[in-house]
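In what follows, a single structure is set out as structure tokens and then discussed.
The values are calculated or read from the model by the stated rules, or taken from the named source; none is laboratory data. What you see is a predicted model; the values in this text were computed from it and never measured. Note that each Cβ is placed from the backbone with ideal geometry, even for glycine, and that neighbours are counted across all protein chains shown. Accessible surface areas use protein heavy atoms only, side chains included; no ligands, DNA or RNA. Shrake-Rupley method; radii C 1.70, N 1.55, O 1.52, S 1.80 Å.
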Amino acid sequence: MSVACLRVRAVCRAVVHGRYFSRTSAVNMSAKVGDSLPEVDLFEDTPDNKVNTKDAFTKGKHIIFGVPGAFTPGCSKTHLPGYVEDSEKLKAKGISSVTCVSVNDPFVMQAWGENQKAAGKVRMLADTCGDFTNKLGLTLDAAAILGNARCKRFAMVVNDGKIEKLNVEPDGTGLTCSLSTSLYEEL
Ligand code: BEZ
């Protein structure tokens, strides 16, 4: 069999197993400490209220945590409430803002924030089409449970636009290293 044919077969196999990425693109590569935060538009409250990540996170020290979905049990009972409760403690350690991101629409994120009394404590931003999640390489295959691709559970510290700390749950959904209590200990 020719070398070209072997290459085609290898690419086909990788595509079938959902692992294909080109040599020149960073798609599927997880973000790492030291990387610049990807620049995308997130959405706050409504689809016409864009929040550009470069504008929001270039100056100062910020926490961004990502969740698989608004109103899901782990996110609603543990992950978001922890950051709401600890926001003042985190800010006392030099954190300028705490933001929750999820692949949901902005209306849902707003309603979830209201439900969790997050106003003034945790900013609720929608990664509506998953662009931020994809650029971070943190896509969670949750179609069977939540209907579409979501974001792995993670927490990061962004300092002057660079990722300074990144805790991604090893199984994508667990509630360990991405919790407010865990991150607080590392600040
Ligand atoms: C959760 O409870 O947070 C959860 C539920 C289903 C999928 C992912 C997360």
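Within the set of pairs 6 or more residues apart or between chains, which connect a residue that is over 27 Å from residue 159 (Cβ atoms) and assigned to a helix (DSSP H, G or I) inside the stretch 64-75 to a residue that is of a type in the set (A, V, I, L, M, F, W, C) and within 10 Å of the ligand (Cβ to nearest atom) with Cβ atoms less than 6 Å apart?
Correct list of pairs: 74/175.
Which of the residues spanning the stretch 102-150 are open to solvent by 70 Å² or more (accessible area, probe 1.4 Å) and part of a helix (DSSP H, G or I)?
Kept after step one, since they are open to solvent by 70 Å² or more (accessible area, probe 1.4 Å), are these residues of the stretch 102-150: 107, 110, 114-115, 117, 119-121, 123, 129, 131, 134-135, 141, 144-145.
Hits for the stretch 102-150 are 107, 110, 114, 115, 131, 134, 135, 144, 145.
Criterion first (out of contact with any Asp or Glu (no Cβ under 6 Å at 6 or more places or on another chain), in contact (Cβ under 8 Å) with a residue 40 or more places away in the chain and among the basic types (Lys, Arg)) does residue 117 satisfy it?
Values: out of contact with any Asp or Glu (no Cβ under 6 Å at 6 or more places or on another chain): yes; in contact (Cβ under 8 Å) with a residue 40 or more places away in the chain: no; among the basic types (Lys, Arg): yes.
For residue 117, the condition - out of contact with any Asp or Glu (no Cβ under 6 Å at 6 or more places or on another chain), in contact (Cβ under 8 Å) with a residue 40 or more places away in the chain and among the basic types (Lys, Arg) - is not met.
Just need a number here: residues in the stretch 151-175 that are within 13 Å of the ligand (Cβ to nearest atom), outside any strand (DSSP E or B) and of a type outside the set (Val, Ile, Thr).
Result for the stretch 151-175: 7.
Among the candidates 99, 72, 78, which residue alone is at pLDDT 95 or above and away from the ligand (no atom under 16 Å from the Cβ)? So that I can check it myself, show each step before the final result.
Working: 72 fails: away from the ligand (no atom under 16 Å from the Cβ); 78 fails: away from the ligand (no atom under 16 Å from the Cβ).
After ruling out the rest, the residue left standing is 99.
Among the listed residues 160, 141, 171, identify the single one that is of a type in the set (Asp, Glu) and closer than 23 Å to residue 39 by Cβ. Can you show your working first?
Values: 141 fails: closer than 23 Å to residue 39 by Cβ; 171 fails: closer than 23 Å to residue 39 by Cβ.
The match here is 160.
Scan the stretch 40-57 for residues that are open to solvent by 30 Å² or more (accessible area, probe 1.4 Å) and of a type in the set (Phe, Trp, Tyr) and jot them down. Spell out the reasoning first.
From the stretch 40-57, those open to solvent by 30 Å² or more (accessible area, probe 1.4 Å) are 41, 43-50, 54-55; that's our starting set.
The answer is 43, and nothing else.
Within the stretch 176-186, how many residues turn out to be open to solvent by 60 Å² or more (accessible area, probe 1.4 Å) and either under 25 Å from residue 105 (Cα atoms) or assigned to a loop (DSSP other than H, G, I, E, B) (or both)?
Taking the stretch 176-186 and keeping what is open to solvent by 60 Å² or more (accessible area, probe 1.4 Å), we get 176, 181, 185-186.
Now drop any that are not either under 25 Å from residue 105 (Cα atoms) or assigned to a loop (DSSP other than H, G, I, E, B) (or both), which leaves 176.
The qualifying residues number 1.
Hey, can you tell me all the residues within the stretch 67-101 that are open to solvent by 10 Å² or more (accessible area, probe 1.4 Å) and among the small types (Gly, Ala, Ser)?
70, 74, 76, 82, 92, 94, 96, 97
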